[in-house]
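Chemist: My questions will all concern the structure given below.
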Amino acid sequence: MADIVDLMLATGARIGEILALRWSDVDLDGERPSLTISGTIKTEPGRGTYRKASPKSDASRRTIVLPPFAVAMLHRRLQSHLPTVDPVFPTRNGTWHQVTNIERRWRRIRKDTGLEWVTPHVFRKTVATLISEQVDSETASQQLGHSSSSITREFYIVKPVIAADVADVLQQLSGDAES
């Protein structure tokens with residue numbers, strides 16, 4: 001579970017996108033290690049759990065450059081990877097995890113910790129907010145795979161409780177820039 005959480009924080013990807021990753025989607029040896037989001041996990045009555053060969057939308061198909069902590073974790077997982085198993089996060093049987101089962105596991109882990117509010121969606125919001133604050137909302141939107149940065153701004157980027165400190169700028173209105 002810790003590796004799944006790390007990769008959600010490293011990418012801002014949806015939980016179904018993370019669970020649908022295949023080793024063929026991961027490039028750890030490139031100049032800039034990356035992974036490509038190219039599918040998601042679906043569970044349907046009569047069909048079971050499977051990897052859908054496309055993510056939520058066209059904008060959701062993207063390649064994400066990985067931070068060093070994610071590269072280290074994926075290298076560690078790759079060392080214990082069975083060559084016959086394609087999922088990066090396989091079940092014990094080498095099949096795809098159900099999103100609902102991982103979400104249930106996460107609820108059990110965080111139970112009675114005071115962190116019940118921390119959901120996989122919170123990880124996406126955290127990534128969006130950090131990127132927006134450090135870079136801009138358009139970049140956050142691209143990282144999350146949204147077709148519009150307005151969706152990212154409205155639903156994913158946490159608004160600051162305190163307005164930006166522009167006291168120095170506003171001091172110019174006093175006519176006394178030194179005060």
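The values are calculated or read from the model by the stated rules, or taken from the named source; none is laboratory data. Quantities reported herein were computed from a predicted structural model and do not represent experimental measurements. Cβ atoms come from the backbone with ideal geometry, glycine included; neighbour counts cover every protein chain shown. Note: accessible area is taken over every heavy atom of the protein model, side chains too, but ligands, DNA and RNA are not part of it. Shrake-Rupley method; radii C 1.70, N 1.55, O 1.52, S 1.80 Å.
Chemist: Here are Leu35, Leu19: which of them is modelled with pLDDT of 95 or more and closer than 19 Å to Thr119 by Cβ?
Modeler: Criteria check complete, one pass: Leu19.
Chemist: On the basis of being modelled with pLDDT of 90 or more, open to solvent by 70 Å² or more (accessible area, probe 1.4 Å) and under 22 Å from Ala20 (Cβ atoms), does Arg104 make the cut?
Modeler: yes
Chemist: If you go through the stretch 170-179 one residue at a time, how many are of a type outside the set (S, T, N, Q) and either part of a helix (DSSP H, G or I) or under 30 Å from Pro67 (Cα atoms) (or both)?
Modeler: 2
Chemist: Looking at (1) in contact with a Phe, Trp or Tyr (Cβ under 7 Å, 6 or more places away or on another chain); (2) under 30 Å from Gly48 (Cβ atoms), can you tell me which one Asn101 breaks?
Modeler: (1)
Chemist: Out of the residues in the stretch 141-169 that are assigned to a helix (DSSP H, G or I) and open to solvent by 100 Å² or more (accessible area, probe 1.4 Å), state the one that is farthest from Ala70 (Cα to Cα).
Modeler: Among them, the one singled out is Asp168.
Chemist: Among the residues of the stretch 67-101, write down those that are charged (D, E, K, R) and exposed (fewer than 13 other Cβ atoms within 10 Å of the Cβ). Outline the logic, then answer.
Modeler: To start, the set of residues in the stretch 67-101 that are charged (D, E, K, R) comprises 76-77, 86, 92.
Passing the criteria: Arg76, Arg92.
Chemist: Could you tell me which of the residues Glu138, Glu103 is under 18 Å from Ile64 (Cα atoms), charged (D, E, K, R) and part of a helix (DSSP H, G or I)?
Modeler: Exactly one residue qualifies, and that residue is Glu138.
Chemist: Output the number of the condition that Ile64 fails; it satisfies all remaining conditions of (1) crowded, with 18+ Cβ neighbours inside 10 Å; (2) in a helix (DSSP H, G or I).
Modeler: The one condition Ile64 does not meet is (2).
Chemist: Hey, does the stretch 108-117 have a residue that's more than 30 Å from Phe89 (Cβ to Cβ) and loosely packed, with under 13 Cβ neighbours inside 10 Å?
Modeler: No, because not a single residue in the stretch 108-117 is more than 30 Å from Phe89 (Cβ to Cβ) and loosely packed, with under 13 Cβ neighbours inside 10 Å.
Chemist: Related question: Can you say whether Glu133 is loosely packed, with under 12 Cβ neighbours inside 10 Å, acidic (Asp, Glu) and free of Cβ contacts under 8 Å to residues at least 24 places away in the same chain, as far as the supplied structure shows?
Modeler: When the stated conditions are applied, Glu133 does not pass them.
Chemist: Among (1) touching a residue at least 40 places away in the same chain (Cβ under 8 Å); (2) touching a helix residue (DSSP H, G or I) at 6+ places or on another chain (Cβ under 6 Å), which single condition is Leu35 missing?
Modeler: Here Leu35 meets the rest and fails (1).
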